[in-house]
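Working notes, beginning with the structure itself.
The values are calculated or read from the model by the stated rules, or taken from the named source; none is laboratory data. Since the structure is predicted, the reported quantities are computational estimates derived from the model, not experimental observations. Quick reminder, even Gly has a Cβ in these numbers, built from the backbone with ideal geometry, and neighbours come from all protein chains shown. These area figures cover heavy atoms from the full protein model, side chains too; ligands, DNA and RNA do not enter into them. Shrake-Rupley method; radii C 1.70, N 1.55, O 1.52, S 1.80 Å.
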Amino acid sequence: MGHDAATNPAAPPPSRLLQHLIQEAGTAQDQQVWARAVCLAAAHQARAGMLDEAPVSLGLVREAYGPGVNPETACWLILSEGILQWCLFDASHGYARMRGAHALAMSMGADSAASCAAWMALLEFNASQYDRMALHLTEVFEHARSDDHLARARAALVIATAYHYAGDFTAARPWYEETRLHAVAVGDENTWGAMLHNMATFRLANVRFDDAFGELNTTELDRASIEAQGSATYDFATHNTVHPSMRYLMLGQLYVSERKYGLALEQFQLVDIPAFNHNNTEALVKTDSAWCMHALGETAQSLALAAEALRCMDRLVDTDDQAYVNARLAAIFRATPGHEALASRLQSSAQQAREAHMKTRANMILSLASIRARPILHKEKRPD
(Lines give C-alpha, C1' and ligand atoms only; values in the text may rest on other atoms or scores of the structure.)
Protein backbone atom coordinates (compact mmCIF):
# COMPACT_ATOMS: atom_id res chain seq x y z
CA MET A 1 0.00 0.00 0.00
CA GLY A 2 2.88 2.39 0.65
CA HIS A 3 6.07 3.40 -1.17
CA ASP A 4 9.01 1.02 -0.98
CA ALA A 5 11.89 3.12 0.34
CA ALA A 6 14.36 0.33 -0.44
CA THR A 7 13.64 0.60 -4.16
CA ASN A 8 12.96 4.33 -4.17
CA PRO A 9 15.83 6.11 -2.37
CA ALA A 10 14.24 9.50 -2.99
CA ALA A 11 11.23 8.57 -0.89
CA PRO A 12 11.33 8.82 2.92
CA PRO A 13 10.45 5.72 4.95
CA PRO A 14 6.73 5.46 5.73
CA SER A 15 5.62 7.26 8.86
CA ARG A 16 5.39 5.22 12.03
CA LEU A 17 1.60 5.32 11.86
CA LEU A 18 1.51 4.07 8.28
CA GLN A 19 4.04 1.35 9.07
CA HIS A 20 1.91 0.20 11.99
CA LEU A 21 -1.29 0.15 9.92
CA ILE A 22 0.38 -1.81 7.11
CA GLN A 23 1.72 -4.31 9.64
CA GLU A 24 -1.67 -4.59 11.34
CA ALA A 25 -3.39 -5.22 8.02
CA GLY A 26 -0.78 -7.81 7.08
CA THR A 27 -1.13 -9.82 10.29
CA ALA A 28 -4.88 -9.42 10.95
CA GLN A 29 -6.77 -12.68 11.41
CA ASP A 30 -10.14 -10.93 11.40
CA GLN A 31 -11.44 -9.33 8.19
CA GLN A 32 -12.99 -6.40 10.04
CA VAL A 33 -9.69 -5.61 11.81
CA TRP A 34 -7.92 -5.82 8.43
CA ALA A 35 -10.47 -3.50 6.78
CA ARG A 36 -10.19 -0.88 9.51
CA ALA A 37 -6.39 -0.84 9.21
CA VAL A 38 -6.52 -0.55 5.43
CA CYS A 39 -9.10 2.26 5.56
CA LEU A 40 -7.03 4.22 8.09
CA ALA A 41 -3.91 3.62 5.98
CA ALA A 42 -5.76 5.00 2.95
CA ALA A 43 -6.79 8.10 4.89
CA HIS A 44 -3.19 8.59 5.98
CA GLN A 45 -1.97 8.16 2.41
CA ALA A 46 -4.46 10.78 1.21
CA ARG A 47 -3.34 13.26 3.87
CA ALA A 48 0.30 12.68 2.91
CA GLY A 49 -0.39 13.49 -0.73
CA MET A 50 -0.23 9.84 -1.85
CA LEU A 51 -3.34 10.40 -3.92
CA ASP A 52 -2.70 7.50 -6.30
CA GLU A 53 -2.18 4.96 -3.52
CA ALA A 54 -5.17 5.89 -1.35
CA PRO A 55 -7.88 4.90 -3.88
CA VAL A 56 -6.10 1.59 -4.46
CA SER A 57 -6.19 0.82 -0.74
CA LEU A 58 -9.88 1.70 -0.50
CA GLY A 59 -10.55 -0.39 -3.58
CA LEU A 60 -9.10 -3.44 -1.80
CA VAL A 61 -11.72 -3.12 0.91
CA ARG A 62 -14.57 -2.59 -1.55
CA GLU A 63 -13.41 -5.62 -3.53
CA ALA A 64 -13.07 -7.81 -0.44
CA TYR A 65 -16.60 -7.11 0.77
CA GLY A 66 -18.50 -6.47 -2.43
CA PRO A 67 -22.03 -5.26 -1.70
CA GLY A 68 -22.05 -7.00 1.69
CA VAL A 69 -19.88 -4.61 3.71
CA ASN A 70 -20.83 -4.66 7.40
CA PRO A 71 -21.90 -1.41 9.13
CA GLU A 72 -18.74 -1.02 11.25
CA THR A 73 -16.46 -1.40 8.24
CA ALA A 74 -18.77 0.83 6.19
CA CYS A 75 -18.21 3.66 8.68
CA TRP A 76 -14.42 3.53 8.30
CA LEU A 77 -14.64 3.05 4.55
CA ILE A 78 -17.02 5.95 3.92
CA LEU A 79 -15.10 8.24 6.31
CA SER A 80 -11.81 7.46 4.57
CA GLU A 81 -13.40 8.10 1.19
CA GLY A 82 -14.58 11.47 2.53
CA ILE A 83 -11.07 12.32 3.72
CA LEU A 84 -9.73 11.44 0.27
CA GLN A 85 -12.32 13.73 -1.36
CA TRP A 86 -11.30 16.53 1.00
CA CYS A 87 -7.63 16.02 0.09
CA LEU A 88 -8.65 16.26 -3.56
CA PHE A 89 -10.12 19.71 -2.82
CA ASP A 90 -13.67 18.38 -3.15
CA ALA A 91 -14.97 19.51 0.22
CA SER A 92 -18.69 19.24 -0.60
CA HIS A 93 -18.51 15.57 -1.58
CA GLY A 94 -16.07 14.90 1.24
CA TYR A 95 -18.45 16.38 3.77
CA ALA A 96 -21.35 14.38 2.35
CA ARG A 97 -19.38 11.14 2.76
CA MET A 98 -18.30 12.07 6.29
CA ARG A 99 -21.86 13.00 7.25
CA GLY A 100 -23.10 9.61 6.07
CA ALA A 101 -20.37 7.81 8.01
CA HIS A 102 -21.09 9.91 11.09
CA ALA A 103 -24.83 9.20 11.04
CA LEU A 104 -24.22 5.47 10.72
CA ALA A 105 -21.51 5.42 13.40
CA MET A 106 -23.61 7.40 15.88
CA SER A 107 -26.67 5.21 15.32
CA MET A 108 -24.75 2.09 16.27
CA GLY A 109 -22.30 3.55 18.79
CA ALA A 110 -19.35 2.55 16.62
CA ASP A 111 -15.73 3.29 17.53
CA SER A 112 -15.46 5.40 14.39
CA ALA A 113 -18.03 7.93 15.69
CA ALA A 114 -15.37 10.11 17.33
CA SER A 115 -13.21 10.29 14.20
CA CYS A 116 -16.25 11.07 12.04
CA ALA A 117 -17.26 13.91 14.37
CA ALA A 118 -13.71 15.29 14.46
CA TRP A 119 -13.46 15.45 10.68
CA MET A 120 -16.92 17.00 10.36
CA ALA A 121 -15.86 19.67 12.87
CA LEU A 122 -12.89 20.53 10.67
CA LEU A 123 -15.00 20.99 7.55
CA GLU A 124 -17.58 23.00 9.51
CA PHE A 125 -14.85 25.29 10.78
CA ASN A 126 -13.70 25.82 7.19
CA ALA A 127 -17.31 26.57 6.20
CA SER A 128 -17.73 29.08 9.08
CA GLN A 129 -20.40 26.89 10.72
CA TYR A 130 -19.01 27.43 14.20
CA ASP A 131 -21.95 26.29 16.34
CA ARG A 132 -22.15 22.99 14.44
CA MET A 133 -18.38 22.71 14.78
CA ALA A 134 -18.67 23.05 18.55
CA LEU A 135 -21.43 20.42 18.76
CA HIS A 136 -19.34 17.88 16.86
CA LEU A 137 -16.24 18.65 18.90
CA THR A 138 -18.25 17.93 22.05
CA GLU A 139 -19.27 14.61 20.49
CA VAL A 140 -15.61 13.72 19.96
CA PHE A 141 -14.78 14.04 23.63
CA GLU A 142 -17.96 12.24 24.66
CA HIS A 143 -17.21 9.22 22.48
CA ALA A 144 -13.42 9.05 22.04
CA ARG A 145 -11.42 6.77 24.30
CA SER A 146 -8.45 8.38 26.01
CA ASP A 147 -6.14 6.41 23.69
CA ASP A 148 -8.03 7.33 20.51
CA HIS A 149 -5.13 9.50 19.43
CA LEU A 150 -6.29 10.04 15.85
CA ALA A 151 -9.71 11.44 16.75
CA ARG A 152 -8.42 13.45 19.70
CA ALA A 153 -5.52 14.92 17.72
CA ARG A 154 -7.87 16.04 14.94
CA ALA A 155 -10.34 17.57 17.40
CA ALA A 156 -7.58 19.28 19.39
CA LEU A 157 -6.19 20.81 16.19
CA VAL A 158 -9.62 22.19 15.25
CA ILE A 159 -9.98 23.77 18.71
CA ALA A 160 -6.46 25.22 18.62
CA THR A 161 -6.99 26.63 15.14
CA ALA A 162 -10.34 28.13 16.09
CA TYR A 163 -8.91 29.87 19.16
CA HIS A 164 -6.02 31.14 17.04
CA TYR A 165 -8.44 32.44 14.41
CA ALA A 166 -10.28 34.24 17.20
CA GLY A 167 -7.04 35.98 18.15
CA ASP A 168 -6.46 34.07 21.41
CA PHE A 169 -3.16 32.23 21.03
CA THR A 170 -2.92 31.81 24.79
CA ALA A 171 -6.01 29.59 24.70
CA ALA A 172 -4.86 27.90 21.47
CA ARG A 173 -1.42 26.93 22.72
CA PRO A 174 -2.34 24.03 25.06
CA TRP A 175 -4.55 22.58 22.32
CA TYR A 176 -1.70 22.80 19.80
CA GLU A 177 0.45 20.98 22.35
CA GLU A 178 -2.31 18.42 22.84
CA THR A 179 -2.37 17.88 19.08
CA ARG A 180 1.38 17.35 19.02
CA LEU A 181 1.36 14.85 21.88
CA HIS A 182 -1.44 12.75 20.36
CA ALA A 183 0.31 12.82 16.98
CA VAL A 184 3.64 11.78 18.51
CA ALA A 185 1.95 8.96 20.44
CA VAL A 186 1.07 7.15 17.20
CA GLY A 187 3.69 8.56 14.81
CA ASP A 188 1.14 10.61 12.87
CA GLU A 189 3.46 13.02 11.08
CA ASN A 190 0.66 14.23 8.81
CA THR A 191 -1.29 15.69 11.71
CA TRP A 192 1.91 17.17 13.13
CA GLY A 193 2.58 18.78 9.76
CA ALA A 194 -0.98 20.12 9.64
CA MET A 195 -0.46 21.60 13.10
CA LEU A 196 2.72 23.39 12.01
CA HIS A 197 0.95 24.70 8.91
CA ASN A 198 -2.07 25.95 10.88
CA MET A 199 0.04 27.68 13.51
CA ALA A 200 1.90 29.58 10.80
CA THR A 201 -1.16 30.29 8.66
CA PHE A 202 -3.36 31.68 11.39
CA ARG A 203 -0.66 33.73 13.05
CA LEU A 204 0.09 35.17 9.63
CA ALA A 205 -3.62 35.78 8.98
CA ASN A 206 -3.85 37.89 12.12
CA VAL A 207 -0.67 39.79 11.19
CA ARG A 208 -1.96 40.47 7.67
CA PHE A 209 -5.33 41.59 8.95
CA ASP A 210 -3.77 44.20 11.25
CA ASP A 211 -1.21 45.23 8.63
CA ALA A 212 -3.95 46.10 6.15
CA PHE A 213 -5.18 48.68 8.65
CA GLY A 214 -1.72 50.10 9.33
CA GLU A 215 -1.07 48.15 12.53
CA LEU A 216 1.78 45.76 11.68
CA ASN A 217 2.96 43.76 14.69
CA THR A 218 6.60 43.04 13.88
CA THR A 219 7.04 40.63 16.81
CA GLU A 220 4.15 38.48 15.59
CA LEU A 221 5.45 38.77 12.02
CA ASP A 222 8.83 37.41 13.12
CA ARG A 223 7.09 34.48 14.80
CA ALA A 224 4.94 33.87 11.74
CA SER A 225 8.07 33.89 9.56
CA ILE A 226 9.79 31.27 11.72
CA GLU A 227 6.66 29.11 11.79
CA ALA A 228 6.01 29.38 8.05
CA GLN A 229 9.56 28.45 7.15
CA GLY A 230 9.46 25.63 9.70
CA SER A 231 6.25 24.27 8.22
CA ALA A 232 7.66 24.34 4.69
CA THR A 233 10.86 22.63 5.85
CA TYR A 234 8.91 19.90 7.64
CA ASP A 235 6.81 19.22 4.55
CA PHE A 236 9.97 19.02 2.45
CA ALA A 237 11.65 16.66 4.91
CA THR A 238 8.65 14.34 5.05
CA HIS A 239 7.93 14.59 1.31
CA ASN A 240 4.40 15.77 2.07
CA THR A 241 2.96 16.83 -1.29
CA VAL A 242 -0.66 17.36 -0.28
CA HIS A 243 -2.01 20.83 -1.10
CA PRO A 244 1.28 22.41 -2.29
CA SER A 245 -0.64 25.49 -3.41
CA MET A 246 -1.53 26.17 0.22
CA ARG A 247 2.18 26.32 0.95
CA TYR A 248 2.82 28.69 -1.96
CA LEU A 249 -0.05 30.91 -0.82
CA MET A 250 1.21 31.02 2.76
CA LEU A 251 4.76 31.92 1.71
CA GLY A 252 3.50 34.55 -0.73
CA GLN A 253 1.41 36.17 1.99
CA LEU A 254 4.37 36.07 4.36
CA TYR A 255 6.59 37.84 1.83
CA VAL A 256 3.94 40.53 1.33
CA SER A 257 3.98 41.25 5.07
CA GLU A 258 7.79 41.26 5.02
CA ARG A 259 7.74 43.72 2.09
CA LYS A 260 9.53 41.20 -0.16
CA TYR A 261 7.24 41.90 -3.07
CA GLY A 262 9.21 40.22 -5.84
CA LEU A 263 9.45 36.96 -3.87
CA ALA A 264 5.75 37.19 -3.07
CA LEU A 265 4.81 37.46 -6.75
CA GLU A 266 6.91 34.40 -7.55
CA GLN A 267 4.95 32.36 -4.99
CA PHE A 268 1.56 33.64 -6.16
CA GLN A 269 2.37 32.55 -9.71
CA LEU A 270 2.69 28.98 -8.43
CA VAL A 271 -0.73 28.94 -6.74
CA ASP A 272 -3.28 26.74 -8.52
CA ILE A 273 -6.35 28.87 -7.79
CA PRO A 274 -8.98 26.53 -9.36
CA ALA A 275 -7.76 23.69 -7.13
CA PHE A 276 -8.89 25.42 -3.93
CA ASN A 277 -12.16 24.64 -2.19
CA HIS A 278 -12.37 28.17 -0.88
CA ASN A 279 -13.94 30.80 -3.13
CA ASN A 280 -11.83 33.48 -1.44
CA THR A 281 -8.51 32.37 -2.93
CA GLU A 282 -8.73 34.21 -6.26
CA ALA A 283 -9.63 37.55 -4.69
CA LEU A 284 -6.85 37.21 -2.10
CA VAL A 285 -4.17 36.29 -4.63
CA LYS A 286 -5.16 39.04 -7.06
CA THR A 287 -5.38 41.61 -4.27
CA ASP A 288 -1.96 40.75 -2.90
CA SER A 289 -0.48 40.66 -6.39
CA ALA A 290 -1.97 44.09 -7.08
CA TRP A 291 -0.52 45.34 -3.79
CA CYS A 292 2.92 44.02 -4.75
CA MET A 293 2.76 45.73 -8.16
CA HIS A 294 1.61 48.94 -6.45
CA ALA A 295 4.55 48.81 -4.04
CA LEU A 296 6.96 48.14 -6.92
CA GLY A 297 5.65 51.18 -8.82
CA GLU A 298 3.96 49.15 -11.59
CA THR A 299 0.80 51.26 -11.56
CA ALA A 300 -0.87 49.94 -14.72
CA GLN A 301 -0.44 46.28 -13.73
CA SER A 302 -1.52 47.05 -10.19
CA LEU A 303 -4.76 48.67 -11.35
CA ALA A 304 -5.49 45.83 -13.77
CA LEU A 305 -5.08 43.22 -11.03
CA ALA A 306 -7.10 45.35 -8.59
CA ALA A 307 -9.93 45.50 -11.12
CA GLU A 308 -9.83 41.71 -11.43
CA ALA A 309 -9.95 41.39 -7.64
CA LEU A 310 -12.99 43.68 -7.55
CA ARG A 311 -14.83 41.38 -9.93
CA CYS A 312 -14.50 38.38 -7.64
CA MET A 313 -15.08 40.12 -4.30
CA ASP A 314 -18.64 38.80 -4.12
CA ARG A 315 -17.17 35.32 -3.52
CA LEU A 316 -15.62 36.40 -0.23
CA VAL A 317 -17.47 34.84 2.67
CA ASP A 318 -15.26 35.36 5.72
CA THR A 319 -15.33 38.81 7.30
CA ASP A 320 -11.57 38.96 7.80
CA ASP A 321 -10.99 38.34 4.08
CA GLN A 322 -13.59 40.97 3.20
CA ALA A 323 -11.89 43.48 5.47
CA TYR A 324 -8.42 42.70 4.15
CA VAL A 325 -9.30 42.86 0.45
CA ASN A 326 -11.34 46.05 0.78
CA ALA A 327 -8.62 47.78 2.81
CA ARG A 328 -5.81 46.85 0.41
CA LEU A 329 -7.79 47.82 -2.70
CA ALA A 330 -8.86 51.07 -1.06
CA ALA A 331 -5.20 51.98 -0.52
CA ILE A 332 -4.35 51.19 -4.14
CA PHE A 333 -7.18 53.27 -5.58
CA ARG A 334 -6.64 56.09 -3.07
CA ALA A 335 -3.13 56.53 -4.46
CA THR A 336 -4.44 56.73 -8.03
CA PRO A 337 -5.94 60.04 -9.20
CA GLY A 338 -9.55 59.79 -10.32
CA HIS A 339 -10.45 56.86 -8.06
CA GLU A 340 -11.11 58.73 -4.83
CA ALA A 341 -14.82 57.86 -4.65
CA LEU A 342 -14.17 54.16 -5.20
CA ALA A 343 -11.40 54.22 -2.60
CA SER A 344 -13.75 55.84 -0.08
CA ARG A 345 -16.44 53.19 -0.65
CA LEU A 346 -13.93 50.39 -0.31
CA GLN A 347 -12.48 51.83 2.90
CA SER A 348 -15.97 52.12 4.37
CA SER A 349 -16.67 48.49 3.45
CA ALA A 350 -13.34 47.48 4.96
CA GLN A 351 -14.20 49.12 8.26
CA GLN A 352 -17.63 47.51 8.37
CA ALA A 353 -16.12 44.09 7.66
CA ARG A 354 -13.49 44.68 10.32
CA GLU A 355 -16.15 45.38 12.93
CA ALA A 356 -18.09 42.32 11.80
CA HIS A 357 -14.94 40.21 12.14
CA MET A 358 -14.46 41.37 15.72
CA LYS A 359 -17.98 40.13 16.44
CA THR A 360 -17.21 36.86 14.67
CA ARG A 361 -14.18 36.39 16.90
CA ALA A 362 -16.25 37.03 20.01
CA ASN A 363 -18.90 34.55 18.86
CA MET A 364 -16.18 32.01 18.13
CA ILE A 365 -14.95 32.25 21.71
CA LEU A 366 -18.49 31.66 22.95
CA SER A 367 -18.86 28.61 20.70
CA LEU A 368 -15.57 27.19 21.93
CA ALA A 369 -16.53 27.81 25.55
CA SER A 370 -19.54 25.52 25.05
CA ILE A 371 -17.29 22.53 24.27
CA ARG A 372 -17.13 20.21 27.27
CA ALA A 373 -13.49 19.23 26.98
CA ARG A 374 -10.01 19.95 28.23
CA PRO A 375 -6.56 18.76 27.16
CA ILE A 376 -5.72 15.41 28.79
CA LEU A 377 -2.11 14.94 27.69
CA HIS A 378 -0.89 18.52 27.88
CA LYS A 379 0.18 19.68 31.31
CA GLU A 380 0.65 23.35 31.99
CA LYS A 381 4.20 24.09 33.11
CA ARG A 382 4.34 25.32 36.67
CA PRO A 383 7.16 27.36 38.19
CA ASP A 384 9.50 25.44 40.52
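Selection of the range 72-112 for residues being open to solvent by less than 40 Å² (accessible area, probe 1.4 Å), over 14 Å from Ala46 (Cβ atoms), assigned to a helix (DSSP H, G or I) and of a type in the set (S, T, N, Q) yields only Thr73. Scan the range 58-69 and tell me whether some residue there is open to solvent by 30 Å² or more (accessible area, probe 1.4 Å), of a type outside the set (Phe, Trp, Tyr) and either closer than 24 Å to Arg247 by Cβ or touching a Leu at 6+ places or on another chain (Cβ under 9 Å) (or both). Checked the range 58-69: at least one residue is open to solvent by 30 Å² or more (accessible area, probe 1.4 Å), of a type outside the set (Phe, Trp, Tyr) and either closer than 24 Å to Arg247 by Cβ or touching a Leu at 6+ places or on another chain (Cβ under 9 Å) (or both).
Looking at the range 182-189, can you tell me whether even one residue there is out of contact with any Phe, Trp or Tyr (no Cβ under 9 Å at 6 or more places or on another chain), open to solvent by 20 Å² or more (accessible area, probe 1.4 Å) and assigned to a helix (DSSP H, G or I)?
Checked the range 182-189: at least one residue is out of contact with any Phe, Trp or Tyr (no Cβ under 9 Å at 6 or more places or on another chain), open to solvent by 20 Å² or more (accessible area, probe 1.4 Å) and assigned to a helix (DSSP H, G or I).
Scanning the range 113-161 for residues that are more than 17 Å from the chain's Cα centre (by Cα) and in a loop (DSSP other than H, G, I, E, B) yields a total of 5.
Just name the residue that is least open to solvent (accessible area, probe 1.4 Å) out of those in the range 203-238 that are in a loop (DSSP other than H, G, I, E, B) and within 18 Å of Arg361 (Cβ to Cβ). Going through the qualifying residues, I end up with Phe213. Checked against the criterion of being hydroxyl-bearing (Ser, Thr, Tyr) and open to solvent by 30 Å² or more (accessible area, probe 1.4 Å), the candidates Thr287, Thr281, Thr299 yield just one match: Thr299. Only residues that are open to solvent by 30 Å² or more (accessible area, probe 1.4 Å), aliphatic (A, V, I, L, M) and not in a helix (DSSP H, G or I): list them for the range 266-277, please. Correct list: Leu270 only. The single condition among (1) in contact (Cβ under 8 Å) with a residue 40 or more places away in the chain; (2) over 18 Å from Met246 (Cα atoms) that Phe276 does not satisfy is (2).
Among the residues of the range 152-164, is any surrounded by fewer than 22 Cβ atoms within 10 Å (Cβ to Cβ) and among the small types (Gly, Ala, Ser)? No: the range 152-164 contains no residue that is surrounded by fewer than 22 Cβ atoms within 10 Å (Cβ to Cβ) and among the small types (Gly, Ala, Ser). Residues that are in contact (Cβ under 8 Å) with a residue 40 or more places away in the chain, hydrophobic (A, V, I, L, M, F, W, C) and closer than 21 Å to Phe89 by Cβ are absent from the range 290-313 altogether. Glu178 fails exactly one of the following numbered conditions: (1) within 16 Å of the chain's Cα centre (by Cα); (2) surrounded by 23 or more Cβ atoms within 10 Å (Cβ to Cβ); (3) of a type in the set (D, E, K, R). What is the number of that condition? All conditions are met except number (1).
Do you know which of the residues in the range 16-57 that are surrounded by fewer than 24 Cβ atoms within 10 Å (Cβ to Cβ) and among the polar types (S, T, N, Q) is nearest to Cys75 (Cα to Cα)? So the residue we want is Gln32.
Each residue in the range 30-64 was checked for being in a loop (DSSP other than H, G, I, E, B) and among the aliphatic types (A, V, I, L, M), and 3 of them qualify.
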